[in-house]
Amino acid sequence: MKIVVCVKYVPDATGDRHFTDDLTVDRDDVDGLLSELDEYAVEQALQITEERQRAGADAEITVLTVGPEDAKDALRKALSMGADKAVHVEDDDLHGTDVMGTSLVLAKAIEKTGYDLVIAGMASTDGTMGVLPAILAERLGVPQVTLLSEVSVEDGTVKGRRDGDTASEQLEASLPAVVSVTDQSGEARYPSFKGIMAAKKKPVESLDLDDLDIEAEEVGLEGAWSKVDEAAERPARTAGTIVKDEGEGGKQLAAFLAERKFV
Amino acid sequence: MAEVLVYVDHVDGAVRKPTLELLTLARRLGEPVAVALGNGAADTAAALAEHGAVKVLTNDAAEFADYLVVPKVDALQAAYEAVQPAAVLVPSSAEGKEIAARLAVRIKSGIITDAVDLEAGDEGPVATQSAFAASFTTKSRITQGTPVITVKPNSAAVEAAPAAGAVEALAVSFSDAATGTKVTARTPRESTGRPELTEAAIVVSGGRGVNGAENFAIIEALANSLGAAVGASRAAVDAGWYPHSNQVGQTGKSVSPQLYIASGISGAIQHRAGMQTSKTIVAINKDAEAPIFDLVDYGVVGDLFEVVPQLTEEVNTRKG
Ligand SMILES: Cc1cc2nc3c(=O)[nH]c(=O)nc-3n(C[C@H](O)[C@H](O)[C@H](O)COP(=O)(O)OP(=O)(O)OC[C@H]3O[C@@H](n4cnc5c(N)ncnc54)[C@H](O)[C@@H]3O)c2cc1C
Ligand SMILES: Nc1ncnc2c1ncn2[C@@H]1O[C@H](COP(=O)(O)O)[C@@H](O)[C@H]1O
């Protein structure tokens, strides 16, 4: 079974994230890393593989990213967790690509790699759209089994639990399929020393737009179907009143709430 | 006047509040035509008409409940083709975003997710969004195709604006993909009697400082006194003290109430991502250095086990 895990390289959320002059995400000033939410996708791929191996079957995990040179770091991390190989789509023309373009590139790369199961994270921690997995399913023409907090694969069927706003649902689809998993799906493992060493020798294939038969006009800032016209830093909140509780803190707070007409 | 498609989020015919807010925004762009799908679809019409829907397109096929997402995409696409709208608006729930995104691919349109405001512009609707855990505000628009935009709850006021709301059956032929993902079981979320977290005017949240599932009773008592919803930090959820459906933050719910009260929550960036746009923010934390205090309108440095019960009692007294 071939599993492709989509992982994104993102600016560290705890850093001081900004936009650049062309209103794309500044990826230079803040350190990047493998999006934490995609670690859960790698983890589930590993667990599904281990489960199959216990049953005497095989599975191979390819981690895939679309991103700049540094995005290799994200691939390395996923490889050190235990993925088998990596594909890096990198091309100068990709700068400023929106979700429509990224999903096109990912879909072509996934088809080229070959797959039975695609696993993605629930959302990227920079764009936070959470729609790419659904779009991938649409583009690949396979079932979408997304936002799972529990997932299992058996006999060519993927099953999982999706906790929605109003109900919790049990889902089922046949492979090939696109899955996305939430941060409720189970803690991601830390790479072991052995894993880190082994990762250095694992193959990382680089692809550009030509390799995927994609025209430069279909992607990048020019090819984007949405445009950011303005980005402004949110004004800092005006400093509030802070009191130390000397026995009356609750009452003081109640007075504040009353003054603001909440009580 | 141009028509604007509004996807209706409802439970068995009861329209959820974010859809009514969407109608307010839709009226800025054109005449709202609502699309209501699934069990009870036609029952939504009265509420939608009262808030400005000129038409309500309905279909109550069983497929909408039996299979995930795609049947709804097929239906919304059918509505899109029938109406040829100027824009398509969808509530920003997890499912709403997926439906919108798949529709956008099919009709070759760009998509904007999680808008917090929407205005008409010379080159189509202009959407306001929050970025980087709400530390930036952006304005964006769609440059290709019919704008498909999902809008977060609490982005506009619900306004009555009576319109015809004529119910019309929407003809849908389901695609092969529609039956790809089966919903084999569904457990509805139990109602707590408190307001929906994302819709509530007041949210009272507890974090690791609450120190135990049983202690959440203190948070719930405060919530009850204020008619608020209860939220929790991921630390509290991961510890098993409160359900994940109540988690506020990047991987939980994003809330934007009039008042947010954080107790025993440090204010990590991922938590702030889900509550930073609240109008008034209040925190109770025993650590004066906790980052949550950078956000507050009013903060109490103290032990929540002292402060919260006193606050609850005082609120109850003032309510008389
Ligand atoms: C990818 C990712 C996604 C995440 N998503 C979310 C998310 O959606 N939501 C979320 O909340 N977090 C999320 N987190 C986790 C986040 O980083 C923090 O770990 C979490 O928010 C901490 O929760 P907390 O504030 O309750 O706990 P802590 O950070 O441990 O803070 C507890 C606070 O309680 C105070 N306290 C303790 N006892 C008392 C007392 N008796 N009285 C008053 N104060 C007291 C302490 O001073 C402290 O400030 C995410 C993390 C990652 C990596
Ligand atoms: N550039 C990218 N390269 C690889 N995977 C991506 C990329 N962008 C998004 N993804 C995947 O899609 C998921 C959802 O992303 P998004 O819809 O952008 O929030 C992420 O968790 C990743 O698994």
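Could you check how many residues of the stretch B:198-211 are within 14 Å of another protein chain (Cβ to nearest Cβ) and not in a loop (DSSP other than H, G, I, E, B)?
Residues in the stretch B:198-211 being within 14 Å of another protein chain (Cβ to nearest Cβ) and not in a loop (DSSP other than H, G, I, E, B): 4 in total.
In the stretch A:129-180, what residues are surrounded by fewer than 23 Cβ atoms within 10 Å (Cβ to Cβ), closer than 29 Å to B:T192 by Cβ and under 20 Å from the mean Cα position of the chain (by Cα)?
Answer for the stretch A:129-180, where residues must be surrounded by fewer than 23 Cβ atoms within 10 Å (Cβ to Cβ), closer than 29 Å to B:T192 by Cβ and under 20 Å from the mean Cα position of the chain (by Cα): A:S149, A:E150, A:R161, A:D163, A:G164.
Can you tell me which residue in the stretch B:212-229 is farthest from the other protein chains (Cβ to nearest Cβ), limited to those that are within 12 Å of ligand 1 (Cβ to nearest atom) and of a type outside the set (A, V, I, L, M, F, W, C)?
Only one residue fits best here, namely B:G212.
Quick one: in the stretch B:168-197, of everything that is part of a loop (DSSP other than H, G, I, E, B) and facing another protein chain (nearest Cβ under 8 Å), which residue is surrounded by the fewest Cβ atoms within 10 Å (Cβ to Cβ)?
Among those that are part of a loop (DSSP other than H, G, I, E, B) and facing another protein chain (nearest Cβ under 8 Å), it is B:R189.
Would you confirm, using the coordinates I've provided, whether B:A268 is under 21 Å from A:M122 (Cα atoms) and surrounded by fewer than 24 Cβ atoms within 10 Å (Cβ to Cβ)?
For B:A268, the condition - under 21 Å from A:M122 (Cα atoms) and surrounded by fewer than 24 Cβ atoms within 10 Å (Cβ to Cβ) - is met.
List every residue pair whose Cβ atoms lie under 6 Å apart, where the two residues are 6 or more positions apart in sequence or sit on different chains, the first residue falls within the stretch A:136-160 and is farther than 26 Å from A:T65 by Cβ, and the second residue, located anywhere, is assigned to a strand (DSSP E or B).
A:G156/A:S174; A:T157/A:S174; A:K159/A:S152; A:K159/A:E172
Here is a check on your reading of the model: is B:S266 without any contact (Cβ under 8 Å) to a residue 60 or more places away in the chain, more than 9 Å from chain A (Cβ to nearest Cβ) and within 23 Å of B:D238 (Cβ to Cβ)?
yes
Collect the residues in the stretch B:71-84 that are over 21 Å from the mean Cα position of the chain (by Cα) and not in a loop (DSSP other than H, G, I, E, B), keeping them in residue-number order.
Here is the first cut: in the stretch B:71-84, the residues over 21 Å from the mean Cα position of the chain (by Cα) are B:71, B:74-75, B:77-84.
Residues satisfying the conditions are B:P71, B:D74, B:A75, B:Q77, B:A78, B:A79, B:Y80, B:E81, B:A82, B:V83.
Regarding the stretch B:85-97, can at least one residue be identified that is surrounded by fewer than 19 Cβ atoms within 10 Å (Cβ to Cβ) and assigned to a loop (DSSP other than H, G, I, E, B)?
no
So which residues in the stretch A:130-187 are within 16 Å of ligand 1 (Cβ to nearest atom), at the interface with another protein chain (Cβ under 8 Å from one of its Cβ atoms) and part of a strand (DSSP E or B)?
The answer is A:L147, A:S149, A:D163.
Kindly indicate the residue of the stretch B:132-159 that is more than 7 Å from chain A (Cβ to nearest Cβ) and assigned to a strand (DSSP E or B) and also surrounded by the fewest Cβ atoms within 10 Å (Cβ to Cβ) among those meeting that condition.
If we take residues in the stretch B:132-159 being more than 7 Å from chain A (Cβ to nearest Cβ) and assigned to a strand (DSSP E or B), then B:T150 is surrounded by the fewest Cβ atoms within 10 Å (Cβ to Cβ).
With (1) surrounded by fewer than 22 Cβ atoms within 10 Å (Cβ to Cβ); (2) in contact (Cβ under 8 Å) with a residue 12 or more places away in the chain as the list, and B:E306 as the residue in question, which single condition is left unmet?
(2)
With the stretch B:230-304 as the region, which strands (runs of 3 or more DSSP E) entirely inside it contain at least 2 residues that are more than 10 Å from ligand 1 (Cβ to nearest atom), out of contact with any helix residue (DSSP H, G or I) (no Cβ under 6 Å at 6 or more places or on another chain) and not acidic (D, E)?
Fully inside the stretch B:230-304 and qualifying: B:259-263, B:280-285.
Which ones in the stretch A:26-65 are crowded, with 19+ Cβ neighbours inside 10 Å, under 21 Å from the mean Cα position of the chain (by Cα) and more than 16 Å from ligand 1 (Cβ to nearest atom)?
Result: A:R27, A:A45, A:L46, A:I48, A:T49, A:I61, A:T62, A:V63, A:L64, A:T65.
Rule-based calculations on the coordinates, nothing more; no lab input. Small disclaimer: the values here were computed from a predicted structure and weren't measured. Reconstructed Cβ throughout: ideal geometry from the backbone, glycine too, with neighbour counts over all protein chains shown.
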